[in-house]
Amino acid sequence: MQMKQPTTMSFAKNIISSTTNFIDKTLDFNLNFDDNNLKQMPAEQIEIFAQQSFSNGYNVLITFTNNQKITGQITKKINERKFILTNKSSNLLQILDLEMVKSINLI
């Protein structure tokens with residue numbers, strides 16, 4: 001019985017360590033995250049995300065180049081680079097010019 005306890009403790013510590021390393025490497029947990037350091041998405045990626053959000057009716061978080069943020073759904077396409085973003089909770093409509101978008105995130 002005494003031989004099994006150190007082996008079990010070693011196994012448990014190994015599992016905890018492996019799980020912690022996995023979470024640290026794969027999940028984006030940074031409690032001191034500074035939104036102002038958010039990188040600019042490539043223009044092609046912004047276009048693809050905007051089109052997918054429009055086509056599928058996804059709720060998105062849009063961060064503009066001035067770090068203003070707004071959530072909602074892209075509900076209408078004006079042209080290839082402009083959309084209308086609707087915030088359902090406040091009934092706010094905003095013209096979304098992809099030139100002014102820093103990032104698009106799925107909510």
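Quick look at the values:
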item	result
Number of positions in segment 52-72 that are on the phi < 0 side of the Ramachandran plot and open to solvent by less than 40 Å² (accessible area, probe 1.4 Å)	6
Number of positions in segment 60-70 that are in a strand (DSSP E or B) and either modelled with pLDDT under 90 or not hydroxyl-bearing (Ser, Thr, Tyr) (or both)	6
Filtered residues of segment 59-70 (kept if touching a helix residue (DSSP H, G or I) at 6+ places or on another chain (Cβ under 7 Å) and either over 20 Å from Gln40 (Cβ atoms) or of a type in the set (Ser, Thr, Tyr) (or both))	Thr65
Leading residue by the ranking (nearest to Ile48 (Cα to Cα)) among those in segment 71-105 that are touching a residue at least 40 places away in the same chain (Cβ under 8 Å), in a strand (DSSP E or B) and in contact with a helix residue (DSSP H, G or I) (Cβ under 6 Å, 6 or more places away or on another chain)	Ile104
Check on Ile48, over 17 Å from the mean Cα position of the chain (by Cα) and at pLDDT 90 or above	no
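The values are calculated or read from the model by the stated rules, or taken from the named source; none is laboratory data. What you see is a predicted model; the values in this text were computed from it and never measured. Neighbour counts run over all protein chains shown; Cβ positions are idealised from the backbone, glycine included. With ligands, DNA and RNA removed, areas are computed over all heavy atoms of the protein, side chains included. Shrake-Rupley method; radii C 1.70, N 1.55, O 1.52, S 1.80 Å.
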